[in-house]
1. Working only within the range 106-119, note down all residues that are surrounded by fewer than 22 Cβ atoms within 10 Å (Cβ to Cβ) and not in a loop (DSSP other than H, G, I, E, B).
2. Looking at the range 253-300 only, could you name the residues that are in a helix (DSSP H, G or I) and closer than 15 Å to GLU233 by Cβ?
3. So ALA134 fits all but one of (1) in contact (Cβ under 8 Å) with a residue 12 or more places away in the chain; (2) part of a helix (DSSP H, G or I); (3) closer than 21 Å to ASP252 by Cα; what number is the exception?
4. On the given criteria, is GLY79 surrounded by fewer than 17 Cβ atoms within 10 Å (Cβ to Cβ), out of contact with any Asp or Glu (no Cβ under 6 Å at 6 or more places or on another chain) and assigned to a loop (DSSP other than H, G, I, E, B)?
5. Mind checking which pairs have a first residue in the range 83-105 that is in the same structural domain as ASP70 (by TED's automatic domain parsing) and a second that is of a type in the set (Lys, Arg), Cβ under 6 Å, 6 or more apart or different chains?
6. Quick one: is ALA125 under 23 Å from VAL176 (Cα atoms), among the small types (Gly, Ala, Ser) and in a loop (DSSP other than H, G, I, E, B)?
7. Looking for whichever is out of contact with any His (no Cβ under 7 Å at 6 or more places or on another chain), hydroxyl-bearing (Ser, Thr, Tyr) and exposed (fewer than 15 other Cβ atoms within 10 Å of the Cβ) here; the options are SER219, SER239, SER247, SER235. Which one fits?
Amino acid sequence: MTEKIGFVGIGRMGANMARRLKDVGFTVAAVYDVRADTAKTLAQELNAEACTALARVTELSDVIFTVVTDDNAMRKIYGLAGKKGDSLLKKAGGKFFVNCATISPKVHVEVEKAAKKAGAATLEACMASSITQAREGTLYLMCGGNEGVFNRVRPILEKLSSSMRYIGPAGQAANVKALVNMVMNINTAALAEGLGLGDALKLDLAMLREVFSQTGANSRVLQTDGEDMQNREHSCFFSAAHAAKDSGIALDLAKEKGLNLPLAAATKKQYDRMVKEKLGELDKSGIAELTFKGRKGKKK
């Protein structure tokens, strides 16, 4: 466990990944977040430095995990957007960057090229599962980039995951993750409509969920979100805002290939509506608030 680890982006996922690596014996040397107070709090917990400059994270770390929000944030931390200045790639020779956020595949390719120019190496490690799995080290990881880099950082990734798969060159794992989230979001929207109609028909929803589970209506989403939709329990594990963003990534890929995906498009409209109605920070299960008759948003 000799590598020193840095984290950039310590929201729900990043913070719990950092805690997990600390628990299994790694030194988490540096953390950075645009919310300085959040960085300070986690740094105190992990005995790390709360960095105010991205370059400082690179200086203190051998392997840096990034878990940022979107394409713009990713480009910014690597100095690929906006004013040139503070960047993870400053004096980054010999460093390894593991990028875990769900972003556009083309941005992973851009980052890999920039890192190579700086003498560093990158890997995309797209995550399935959620906060609990991040904390327990049982994520499912889809990895893309140079296979040698994957093998180099694999011992660290194994402490974060119960299973992982190397997909291929930079951008390929992000392609797969976009499809995973697209299908998951469609399933979530469909389940909300099924339960919403069941409720309007005055069916017992616990019975309906059990019947769904034994038929072609079954899905992983039924297991994770069905009861929450019924009970209006939308504590956030994967936000509706992120669902809207990720659905957009998949639709952009489809547009590039000349494909029409009407279900994905309809699903994105529903999640965009949640954001517009200020429900974007609810869990994706909160899409049921749009489909159950008589519901008007957040549970009082």
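1. Within the range 106-119, LYS106, VAL109, GLU110, LYS113, ALA114, LYS116, LYS117 qualify.
2. LYS284, SER285, GLY286, ILE287, ALA288, GLU289
3. Of (1) in contact (Cβ under 8 Å) with a residue 12 or more places away in the chain; (2) part of a helix (DSSP H, G or I); (3) closer than 21 Å to ASP252 by Cα, only one is false for ALA134: (3).
4. On the way: surrounded by fewer than 17 Cβ atoms within 10 Å (Cβ to Cβ): no; out of contact with any Asp or Glu (no Cβ under 6 Å at 6 or more places or on another chain): yes; assigned to a loop (DSSP other than H, G, I, E, B): yes.
Taking the combined requirement at face value, the residue does not satisfy it.
5. Short answer, once both residue conditions are applied: THR102/LYS177.
6. no
7. SER235 is the lone residue from the list that is out of contact with any His (no Cβ under 7 Å at 6 or more places or on another chain), hydroxyl-bearing (Ser, Thr, Tyr) and exposed (fewer than 15 other Cβ atoms within 10 Å of the Cβ).
The values are calculated or read from the model by the stated rules, or taken from the named source; none is laboratory data. Predicted model only: the values in this text are computed from it and were never measured. With ideal geometry, Cβ positions are generated from the backbone for all residues, glycine too; neighbour counts draw on all protein chains shown.
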